[in-house]
Ligand SMILES: Cc1ncc(COP(=O)(O)O)c(C=O)c1O
């Protein structure tokens, strides 16, 4: 019989196998200094384009003050226990009520972490006779929620309404046999490429098919819509989203998340969400901090305006210089270049070491072979000067990519990293 660890000694997994070349630099990099538009990486100043602090709240003095006061008042333990048992407070309820009002839903329920909250919400919404139909490019937390489902599931092609409709037809036939219902899941904004989910078109299909819609709006909340209520508000269909999800990990610059829906649905979820029933309640310092951040979202529209000023300058500047930024309809700004993985590594090294630009790099298998995706997250704390410096740097790296410099350098990069 094999040792359980035998496979681990042999195969580190699709990402783990790159550890010796990548760790500490391309993955698990250590960004130092206060969270802002400029931080330090390995002792060098860099403009940071890879932090989801959309509204620049992470290091806002008012936020830091409230966070510190809440930590002093409550510590990091309070309240102890799960919400249902001993972890419930007036402030948890107040935050839920204020979030409900902000996103235009009857009720919300807090989640300790977005990821496990999503997994658990998918799990709680369906029983084995139900059918899930979800976008093939969904975030891992949706996929893992679907994995728990004991019944049928279908994927539809990414943001492809024809494919969704085909799968809804299949799902409807199946549901008629099983006696179950249909849950459609999409994202408000797809975080890798920045396209919004086609919520308006999805909702229109409700006239023809009987399903409920669950939207993960991690990147839309706080950044899209007239009031910042997200992609549903932006597309005018917030009321048609049956269950809405957002995390505090992006615009709110914190930890925690919530789901929003009709009161009866939230009442059900609060008694059936295993991730909350069997886990410690969201700490009070995070609840107090979230109340402050939400208040700033509501009362400081300039935060979102500043964000979009930077987004527009970056995206239009990139386009004007002929960069391919795909079909983004959000702050997420992907830059697509052609090249191999070693070339991508040399290019990112050049960006960081010689131009002081820090952004995330995405390569195969997340995107097709031969493509390099530099994923940039503009925030309200960036300046137009940051954008200008970045555009100049991007033009320089494109020239070097095209004239084969990175092809030559990549051999040296691999050698320097011990390969
Ligand atoms: C689309 C999406 N859903 C869910 C999550 C998970 O949220 P959290 O970080 O609160 O666990 C993320 C990442 O933060 C995300 O990008």
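Observations on the structure shown:
- Any chance residue 404 is touching a strand residue (DSSP E or B) at 6+ places or on another chain (Cβ under 6 Å) and on the phi > 0 side of the Ramachandran plot: no
- Annotation: residue 345 fulfils all but one of (1) buried (at least 21 other Cβ atoms within 10 Å of the Cβ); (2) within 23 Å of the chain's Cα centre (by Cα); the unmet one is (2).
- Check on residue 260, touching a residue at least 40 places away in the same chain (Cβ under 8 Å) and touching a strand residue (DSSP E or B) at 6+ places or on another chain (Cβ under 7 Å): yes
- Of the helices (runs of 4 or more DSSP H) that lie entirely inside the stretch 186-301, those containing 2 or more residues that are assigned by TED's automatic domain parsing to the domain that holds residue 142, more than 21 Å from residue 146 (Cβ to Cβ) and more than 17 Å from the chain's Cα centre (by Cα) span 199-204, 231-234, 263-270, 284-299.
- Looking only at the stretch 232-250, and only at residues there that are under 18 Å from residue 194 (Cα atoms) and within 11 Å of the ligand (Cβ to nearest atom), the one that is surrounded by the fewest Cβ atoms within 10 Å (Cβ to Cβ): 249
- Residue count for the stretch 106-151 under the criterion of being in a loop (DSSP other than H, G, I, E, B) and either in contact with a strand residue (DSSP E or B) (Cβ under 9 Å, 6 or more places away or on another chain) or within 14 Å of the ligand (Cβ to nearest atom) (or both): the result is 11.
- Restricting attention to the stretch 254-270, the residues being within 16 Å of the ligand (Cβ to nearest atom) and buried (at least 18 other Cβ atoms within 10 Å of the Cβ) number 6.
- Residue count for the stretch 187-207 under the criterion of being away from the ligand (no atom under 13 Å from the Cβ) and in contact with a helix residue (DSSP H, G or I) (Cβ under 7 Å, 6 or more places away or on another chain): the result is 7.
- Every condition in (1) in contact with a helix residue (DSSP H, G or I) (Cβ under 7 Å, 6 or more places away or on another chain); (2) surrounded by fewer than 16 Cβ atoms within 10 Å (Cβ to Cβ); (3) over 28 Å from residue 193 (Cβ atoms) holds for residue 12 except the one numbered (3).
- Some residue of the stretch 57-70 being within 16 Å of the ligand (Cβ to nearest atom) and within 30 Å of residue 164 (Cβ to Cβ): no
- The condition of being in the same structural domain as residue 218 (by TED's automatic domain parsing), farther than 27 Å from residue 278 by Cβ, without any contact (Cβ under 8 Å) to a residue 24 or more places away in the chain and more than 16 Å from the ligand (Cβ to nearest atom) holds for only one of 93, 101, that being 101.
The values are calculated or read from the model by the stated rules, or taken from the named source; none is laboratory data. All figures in this text were calculated on a predicted structure; none of them were measured in a lab. Glycine gets a Cβ as well: all are built from the backbone with ideal geometry, and neighbour counts include every protein chain shown.
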